[in-house]
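First the structure, in the form of structure tokens, and then the observations on it.
The values are calculated or read from the model by the stated rules, or taken from the named source; none is laboratory data. This is a predicted model, so every value here is computed, not measured. Methodologically, a virtual Cβ is constructed for each residue, glycine included, from the backbone with ideal geometry; neighbour enumeration extends over all protein chains shown.
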Amino acid sequence: MTNEAQDPVEEFAQEPVGNGGSGTPHWLIAVVVILALGVGYTVYGQYQASANVAAQREMARTMMARLEARAATLEDNYASLKGLSDETVKKLGLTRAQLSRARATAKQIKAEQQKAAEQLAAQLDQLGSLSGEVTEVMSDVVEAKESLEATMVKLERTIGDLGVQSGLIASNRGELEELRQRGQRDYFEFDIAKSKRYTRVGDISIRLNKSDSKRQKFTMTLLLNDKRIEKKDKTLLEPVQFYMQGTRHLLEIVIFEVDRNRIVGYLSVPKEVAMAKASS
């Protein structure tokens, strides 16, 4: 028993280390490989970090260059603006004394405007007190105008001695000329004295029998196609009306001046009469 049993330490020492019993141990090789990989990874990480740092430095350098260019541009703009501001101030040439005088002038103008406004308000008050009188006068003027217009209408358009509404009539030679310019009818002016003979006016003949200048009346005889028509006691501006024989054309005689043994007026003939005569 004692001879077969061996010390465990001695038995372990006698076993071979490797498969071949000699050379480098496997564990040592594994350690070396692990160390090599660690060193390689560390070197690669340092390389990557160095590359990132270089890229960041280049980016920072580019940004710095841009900032420097921007700063230079801002400095140029500031210099230009400052020069423009100095030139503007120089051109204006406004001093404190000038500004004070300008303010004083503006204050004086404002006071004058306020005074003028007060005077205008006082004048408006005076006008307001007269508004009632002005309104009354205007009312009188309107009434007078309406009365005058009514009188003019009555004189210009009236009923003739045959009861027919007359056209426009003239009360003097000036109005007669205006009627001629209207061109609505033909007009023949005459000035006839009392006589036993007839005076030719247009297509008719007229004889003055008598006239009364005081009463402004007259009597006359018309000769139309061998037909005699007496118009007795007619008045000033009264349309003396008659028809052409065989027609419905109304002719009018208006006397606007009556003297002793004399009348002045005109014969009004429709345009249709002249046209019918020309066609026949």
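Does region 214-233 hold any residues that are of a type in the set (S, T, N, Q) and at pLDDT below 95, and which are they?
Initially, region 214-233 is screened for residues of a type in the set (S, T, N, Q), giving 216, 219, 221, 225.
Hit for region 214-233 is N225, nothing else.
Inspect region 118-126 for any residue being of a type in the set (D, E), over 30 Å from L237 (Cβ atoms) and modelled with pLDDT under 70 and give the result as yes or no.
The initial filter retains those residues of region 118-126 that are of a type in the set (D, E), namely 118, 125.
From the residues that got through so far, the ones that are over 30 Å from L237 (Cβ atoms) too are 118, 125.
Adding the requirement that they be modelled with pLDDT under 70 leaves none.
No; the residues of region 118-126 include none that is of a type in the set (D, E), over 30 Å from L237 (Cβ atoms) and modelled with pLDDT under 70.
For region 226-252, which residues satisfy the criterion of being more than 21 Å from T158 (Cα to Cα) and in a loop (DSSP other than H, G, I, E, B)?
D226, Q245, G246, T247
Select from region 164-181 the residues that are under 16 Å from I255 (Cα atoms) and outside any helix (DSSP H, G or I) and list them in ascending order. Spell out the reasoning first.
Keep residues of region 164-181 that are under 16 Å from I255 (Cα atoms), which gives 166-177, 179.
Matches in region 164-181: S166, G167, L168, I169, A170, S171, N172.
Residues that are in the same structural domain as M244 (by TED's automatic domain parsing) and among the basic types (K, R), at least 2 per element: which strands (runs of 3 or more DSSP E) completely within region 185-225 meet that?
Passing ranges, in order: 204-212.
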